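Below is one structure, written out as structure tokens; the observations come after it.
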């Protein structure tokens with residue numbers, strides 16, 4: 001209909017403006033009064049031809065001028081018709097825009113002898129309209145609340161040189177040795193959409209109180225059904241993040257399941273995924289040596305110095321851990337205290353929380369962000385462990401043992417030149433192993449039931465470089481797990497972690513080197529983005545005890561490729 005209307009309007013304007021051209025002889029001459037002198041004698045044929053040529057040339061000039069005016073009017077009509085129609089435009093054509101009328105009025109008037117037809121008086125200019133507020137794509141506005149979907153779809157492929165059976169994530173602590181049967185003699189390849197994520201964020205402002213609710217899920221939940229690999233990919237969704245924060249002035253409170261505050265930040269002490277450092281790698285178990293967990297907690301933040309300094313304190317869900325999760329080894333318990341495994345100390349095998357933790361983990365952190373190129377933070381965690389020894393008599397007369405643990409961290413990322421950012425995150429402490437994907441236990445148990453935290457030191461370092469529409473990265477990650485041994489009640493056997501004769505699952509160190517790229521193939525603010533990702537990963541682990549003629553380390557090569565579509569949209573600007 002718009003094209004039909006533009007054609008009718010152009011035809012009408014042409015006929016209206018150019019109609020004098022069809023009166024070749026001009027207006028009719030008035031009647032000659034009686035007694036008036038006779039008309040002059042007829043012109044010679046040569047003079048008539050000359051006069052006719054002059055009229056044709058004059059009319060050609062008029063046609064050229066009208067053609068130029070019509071072309072300008074047509075362009076203006078196309079521009080205005082491309083805009084969304086207002087309610088007043090429905091059912092009837094709108095008048096020509098004021099600018100089009102101004103162009104037509106500025107066109108040169110016909111210079112032919114016929115009198116031009118007068119144009120109608122121009123309509124008054126339309127009142128200016130304020131530009132509508134811009135909203136993010138897919139964003140739903142409800143009063144002063146904005147609901148924005150978040151997430152992406154992954155189509156990933158992974159190849160490993162060893163068959164660890166760990167899915168698309170690497171279980172760093174149980175990389176098979178080359179002579180392991182069968183994992184050391186087989187490689188594996190699989191494809192999966194499980195890392196796809198979906199969720200939403202709700203932003204609002206109530207009387208100056210800014211609040212944010214964030215939900216994020218993926219499909220890496222455990223289902224256990226054989227049809228996942230046989231008949232259909234019935235992957236189970238799971239809750240990754242679900243928290244709400246409220247900020248007024250410099251103070252902010254947050255509650256729910258979020259990334260632990262002990263996890264390194266890229267910016268401030270924000271709980272948003274984009275402000276957390278977990279690397280650009282595709283591996284869903286991230287980097288060895290990186291502290292992380294997503295768990296329930298509450299935090300209080302103070303934003304000072306124009307958001308350049310942030311101080312935070314959080315209380316988070318505790319879990320006293322003896323190893324055994326994510327491929328990591330377990331501590332060896334004294335022979336009389338084997339019942340502690342899975343009951344009082346989490347060994348990674350129970351499907352629910354059963355550990356009797358005496359207090360929440362307490363984390364404090366201060367972050368400095370003097371500008372967008374520098375982020376530095378220091379923090380620490382305090383923990384408490386407690387068990388009951390049932391072998392010293394009846395439960396009422398038995399003995400309980402408790403022990404404190406904790407550690408610190410110093411993390412930073414710095415843009416040394418435009419597009420090149422260096423990263424260094426470092427943690428150390430006693431009894432903090434569960435924060436490193438369970439690759440280190442928290443404590444060992446002595447024969448009398450007393451506890452001793454295990455020393456752990458970790459580091460993740462590297463760089464990220466952006467070149468045009470491609471991000472390149474390289475990281476080194478490593479964890480060192482200290483030896484902590486004790487003598488069993490028989491006086492001869494050793495227990496704990498790292499003693500002579502300990503299983504080769506008790507690692508002294510696990511290291512990883514990884515590099516990759518993330519290329520944006522296509523991006524649109526209205527329709528999202530498509531990215532191609534690739535990663536190479538080389539991981540090794542070294543046990544504390546190496547039996548005679550046994551291999552002293554295990555290594556694995558992993559390659560990832562991923563095609564990702566990301567939903568459009570972004571956080572709104574709420575007043």
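No lab work stands behind these numbers, since they all come straight from the coordinates. Note that this is a predicted model, so its numbers are computed, not measured. For neighbour counting, all protein chains shown are included, and Cβ atoms are generated from backbone atoms with ideal geometry for every residue, glycine included.
Here is how the numbers come out for the structure above:
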| read-out | value |
| --- | --- |
| Highest-first arrangement of 196-207, 167-178, where packing means the average Cβ count within 10 Å | 167-178, 196-207 |
| Spacing of the two label points (7 Å from each Cα toward its C-beta) at residue 401 and residue 513, in nm | 4.2 |
| For 332, 366, order by how many other beta-carbon atoms lie within 10 Å, fewest first | 366, 332 |
| FRET efficiency estimate (nearest 0.05) - Cβ-Cβ, residue 424 to residue 469, R0 25 angstrom | 0.40 |
| Rough spin-label spacing in nm, given labels placed 7 Å along Cα→Cβ, for residue 179 and residue 505 | 2.0 |
| Modelled FRET efficiency - R0 56 Å, residue 144 with residue 57, Cβ distances, 0.05 increments | 0.25 |
| Residue 448-residue 354 pseudo-label distance in nm [points 7 Å out on the Cα-to-Cβ vector] | 2.8 |
| Residue 536/residue 311 FRET efficiency (R0 41 Å; Cβ-Cβ; nearest 0.05) | 0.55 |
| Sorted by Cβ density within 10 Å, fewest first, the residues 66, 191 | 191, 66 |
| Principal axis box of the range 263-373, alpha-carbon based, largest edge first, Å | 57, 33, 21 |
| Hydrodynamic radius of the range 249-294 per Kirkwood, over alpha carbon pairs, in Å | 11.7 |
| Residue order, fewest to most surrounding Cβ atoms within 10 angstrom, among 148, 540, 392 | 392, 540, 148 |
